[in-house]
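Working notes for the structure below.
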Amino acid sequence: MLINHTSKQVTAKIVYYGTGLGGKTTNLQYIYSVTSPRTRGELVCMETEIERTLFFDLLPINVGMVKGYETKFQLYTVPGQVFYDSTRKLVLKGADGIVFVADSQELMEQANQESFANLKENLGFYNHLIGDIPLVFQYNKRDLKNISSLDKLNGDLNDLSRPYFEAVARSGRGVIETLREISSLTLVRIKEMLEHTVVPAKNVAVQFDVDRDQQMLKMEDLPVKKVSMEQMAASEAGQELPIKTETAPPAAVEKAAGEVDEARQAEPVNPSIGELLHRLEDPGRITRIEKISAGDGRLIIEVKGGDGRTIRQFDIALHPETRKVNIILDVKS
């Protein structure tokens, strides 16, 4: 919770946590699309190779003043992939409320449990317990086949009996309801902290200026400002976000099969990564995915070493229903 005594404003941080591709980004995409421009701030993005960390400010309506301070909520997503755990920790720092977005598909049961265990672990990194923070569960993708029952999801994840909502984030079902609930719970916590009273604060139903008739913007149409890891860290420290990049749509998550991403190759290397590479004894050992192509239901991946020599090729048969493939290159030496 950030308190600005000059502007008389309290900013509460709500983090959307969960597995990769479970719907966290789609939640923020929908919320940004249907809320009034008068009540929302800029949409900011820190991109990784696979996922985005999105965040923006949102002003509620009809919540009144808390000890003379106006309340504002800042919504964040975390990367779902496990190898971005340091970014998860950074985003989770100072969280006042958490929405855990679980993928309802049966095949994601273990991934949901692992992600929730990771949430507890990362809260412990900041000496916080999951039971001490406002928490709401959102069971997303309820429109798909082969989904887990609510009893199963609650049994696996919700042993604290926290509020939960069924959702289909891509259509907006359950998204605003989830936001209202976590905002209301978080506001109660803010009131208790600011008023320094042992008397439990009364629950306040937080409302937002929403037009559900608005269509959800496509990711490529969102007015996103990009920031680096260093800029985001500065923001987390309470500093002004030194955004120097121009407003631009985020890079597409998926590329057409066989298409070379020339724009990404032309981008300058992040200085911190560049410094890391210079510290390597033999940069020629760096391994990379050089070529990806697909056709006739097969995926061909070519892996090259730093010297340009092909060291591995993969020929993978794809199921007809496959829509997305994540490729993780784990370099052991």
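Can you tell me which residue in the range 213-246 is modelled with the lowest pLDDT, limited to those that are in a loop (DSSP other than H, G, I, E, B), touching a helix residue (DSSP H, G or I) at 6+ places or on another chain (Cβ under 8 Å) and surrounded by 11 or more Cβ atoms within 10 Å (Cβ to Cβ)?
I243
Quick check: anything in the range 157-169 more than 26 Å from A205 (Cβ to Cβ) and either touching a residue at least 40 places away in the same chain (Cβ under 8 Å) or in contact with a helix residue (DSSP H, G or I) (Cβ under 9 Å, 6 or more places away or on another chain) (or both)? Please lay out each step first, then the result.
Initial filter on the range 157-169 (more than 26 Å from A205 (Cβ to Cβ)): 159.
From what's left, either touching a residue at least 40 places away in the same chain (Cβ under 8 Å) or in contact with a helix residue (DSSP H, G or I) (Cβ under 9 Å, 6 or more places away or on another chain) (or both): none.
No, there is no match, as no residue in the range 157-169 is more than 26 Å from A205 (Cβ to Cβ) and either touching a residue at least 40 places away in the same chain (Cβ under 8 Å) or in contact with a helix residue (DSSP H, G or I) (Cβ under 9 Å, 6 or more places away or on another chain) (or both).
Spot the failing condition for S171; the list is (1) more than 19 Å from the chain's Cα centre (by Cα); (2) modelled with pLDDT of 75 or more; (3) part of a loop (DSSP other than H, G, I, E, B), and only one is missed.
The number of the failed condition is (1).
So that you can scan it fast, the table gives a plain yes or no per residue for (1) among the basic types (K, R); (2) over 16 Å from the mean Cα position of the chain (by Cα):
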{"position": "Q110", "(1), (2)": "no, yes"}
{"position": "S115", "(1), (2)": "no, no"}
{"position": "K120", "(1), (2)": "yes, yes"}
{"position": "F125", "(1), (2)": "no, yes"}
{"position": "G131", "(1), (2)": "no, yes"}
{"position": "P134", "(1), (2)": "no, yes"}
{"position": "Q138", "(1), (2)": "no, no"}
{"position": "K141", "(1), (2)": "yes, yes"}
{"position": "S149", "(1), (2)": "no, yes"}
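Among what's in the range 11-35 and is of a type in the set (V, I, T) and closer than 16 Å to T186 by Cα, pick the residue that is surrounded by the fewest Cβ atoms within 10 Å (Cβ to Cβ). Step through it out loud before you land on a result.
First pass over the range 11-35, keeping only residues of a type in the set (V, I, T): 11, 14-15, 19, 25-26, 31, 34-35.
Cutting the leftovers down to closer than 16 Å to T186 by Cα gives us 11, 14-15.
Numbers: T11: 20, I14: 22, V15: 25.
So the residue we want is T11.
Give all pairs with beta carbons closer than 7 Å in which a residue from the range 203-232 that is without any contact (Cβ under 8 Å) to a residue 24 or more places away in the chain meets a residue that is assigned to a helix (DSSP H, G or I) and not aliphatic (A, V, I, L, M); count only pairs at least 6 apart in sequence or on separate chains.
Once the first residue is without any contact (Cβ under 8 Å) to a residue 24 or more places away in the chain and sits in the range 203-232, its partners that are assigned to a helix (DSSP H, G or I) and not aliphatic (A, V, I, L, M) give N203/S184.
Among the aromatic types (F, W, Y), assigned by TED's automatic domain parsing to the domain that holds T178 and modelled with pLDDT of 95 or more: does that describe F83? Write out each step before concluding.
Values: among the aromatic types (F, W, Y): yes; assigned by TED's automatic domain parsing to the domain that holds T178: yes; modelled with pLDDT of 95 or more: no.
Against the criterion (among the aromatic types (F, W, Y), assigned by TED's automatic domain parsing to the domain that holds T178 and modelled with pLDDT of 95 or more), F83 does not qualify.
Condition first: modelled with pLDDT under 85 and surrounded by 17 or more Cβ atoms within 10 Å (Cβ to Cβ). Now tell me which residues in the range 51-68 satisfy that. Don't jump to the end; show me each part of the working.
Taking the range 51-68 as the starting set, the residues that turn out to be modelled with pLDDT under 85 are 51-52, 62-68.
Of everything in the range 51-68, those that are modelled with pLDDT under 85 and surrounded by 17 or more Cβ atoms within 10 Å (Cβ to Cβ) turn out to be E51, R52, V63, V66.
The values are calculated or read from the model by the stated rules, or taken from the named source; none is laboratory data. Predicted, not measured: the structure shown is a model, and the values here were computed from it. A quick note on method: Cβ atoms are made from the backbone with ideal geometry, for glycine too, and the neighbour counts reach across all protein chains shown.
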